[in-house]
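Peer 1: Quick one: the structure is below, questions incoming.
The values are calculated or read from the model by the stated rules, or taken from the named source; none is laboratory data. These figures come from a predicted structure and were not determined experimentally. Using ideal geometry, Cβ is built from the backbone for each residue, glycine included, and neighbour counts are taken over all protein chains shown.
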Amino acid sequence: MEFKQQELITMARIGRLYGIKGWVKLISYTNPQDNILDFRHLLALIGGRWQALEMDQGKVHGKGLIAHFVGFDDPDDSKNLAGVELAVRVDELPELGSEDFYWHELIGMRVVTESGQFLGTVAKLLETGANDVLVVQALEGTVDGRERLIPYLFDRVIKRVSREERCITVDWEAEYLA
C-alpha cells in the first residue's frame, strides 16, 4: 500500500515477544496508552512498505500492553514484527470537539500573539506532567529569532486555535523567556 506520510499517524511500536502463542508487547504512543487497543485494523511498516495488520486481541498487562495479530500464532512468526511501527489513517481517528486537537494537527501551525506578533511555528509538543508545552521554532520574519516554550493552557495562554487558518493565537509576549 502506498500512503503519503501526512495521511498516517504512528500510534505504536511492536516490542518483543510475549509468551508462546504469538503475542507481542506493544509500546503505545497514545494517551492513555490503552487507546491503541481501540484500533483493530492497523498499518505496519514492514520492509519499508505499509501493510495491513489486524489485531484480534489486545489487553493491558501490568504497566504495559500485549497484543496478538491475525496470522501470527507462534513466536517464529511474531518475532519478525519486533520493532515494527503501527499507524492508522488520519481520517480513521475519532472526531474531537471544537476545542480539542490531536498533537499532529498543531505541528506546523503559526503562533501569533494577541497583538499580532509572529513568534514562529509549532515544531513539536512536550508532555511535562503538569501541562503540555508547545515548542515554537522561530522562522524568518519572527520577532526575535528565538525558540520558545509556551504552555498549552487553553483559555489562559492559548486563546484560539484555527484549523482553517493553521494558526494559534496566544496570550504570550515576545519578551517572555519561558
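Peer 1: Only one of these conditions is not met by residue 46: (1) modelled with pLDDT of 95 or more; (2) under 21 Å from the mean Cα position of the chain (by Cα); (3) among the β-branched types (Val, Ile, Thr). Which number is it?
Peer 2: Just one mismatch for residue 46, condition (1).
Peer 1: Give the residue that is nearest to residue 21 (Cα to Cα), with candidates limited to residues of segment 38-78 that are in a strand (DSSP E or B) and aromatic (Phe, Trp, Tyr).
Peer 2: 69
Peer 1: Looking at segment 81-94, I want the residues that are closer than 16 Å to residue 70 by Cα and not assigned by TED's automatic domain parsing to the domain that holds residue 27 and have a partner that is modelled with pLDDT under 95 and among the hydrophobic types (A, V, I, L, M, F, W, C) with Cβ atoms under 6 Å, at least 6 apart or on another chain. Which pairs are those?
Peer 2: That search, which allows pairs on different chains as well, returns nothing.
Peer 1: Among the residues of segment 143-152, what is the count of those that are within 19 Å of residue 102 (Cα to Cα) and in contact with an Asp or Glu (Cβ under 9 Å, 6 or more places away or on another chain)?
Peer 2: 2
Peer 1: Still on this structure, please answer the following. Please enumerate the residues belonging to segment 108-158 that are of a type in the set (Ser, Thr, Tyr) and either surrounded by 12 or more Cβ atoms within 10 Å (Cβ to Cβ) or in the same structural domain as residue 30 (by TED's automatic domain parsing) (or both).
Peer 2: Answer for segment 108-158, where residues must be of a type in the set (Ser, Thr, Tyr) and either surrounded by 12 or more Cβ atoms within 10 Å (Cβ to Cβ) or in the same structural domain as residue 30 (by TED's automatic domain parsing) (or both): 113, 121, 142, 152.
Peer 1: Return only the number of the condition from (1) over 25 Å from residue 102 (Cβ atoms); (2) free of Cβ contacts under 8 Å to residues at least 12 places away in the same chain that residue 32 does not satisfy.
Peer 2: Failing condition for residue 32: (1).
Peer 1: Kindly provide the set of residues from segment 93-107 that are surrounded by fewer than 17 Cβ atoms within 10 Å (Cβ to Cβ) and either of a type in the set (Val, Ile, Thr) or farther than 13 Å from residue 30 by Cβ (or both), ordered by number.
Peer 2: 95, 96, 97, 98, 99, 100, 107, listed by residue number.
Peer 1: Which of the residues that make up segment 18-33 are touching a Ser or Thr at 6+ places or on another chain (Cβ under 7 Å) and either assigned to a loop (DSSP other than H, G, I, E, B) or at pLDDT below 95 (or both)?
Peer 2: Of everything in segment 18-33, those that are touching a Ser or Thr at 6+ places or on another chain (Cβ under 7 Å) and either assigned to a loop (DSSP other than H, G, I, E, B) or at pLDDT below 95 (or both) turn out to be 22, 29.
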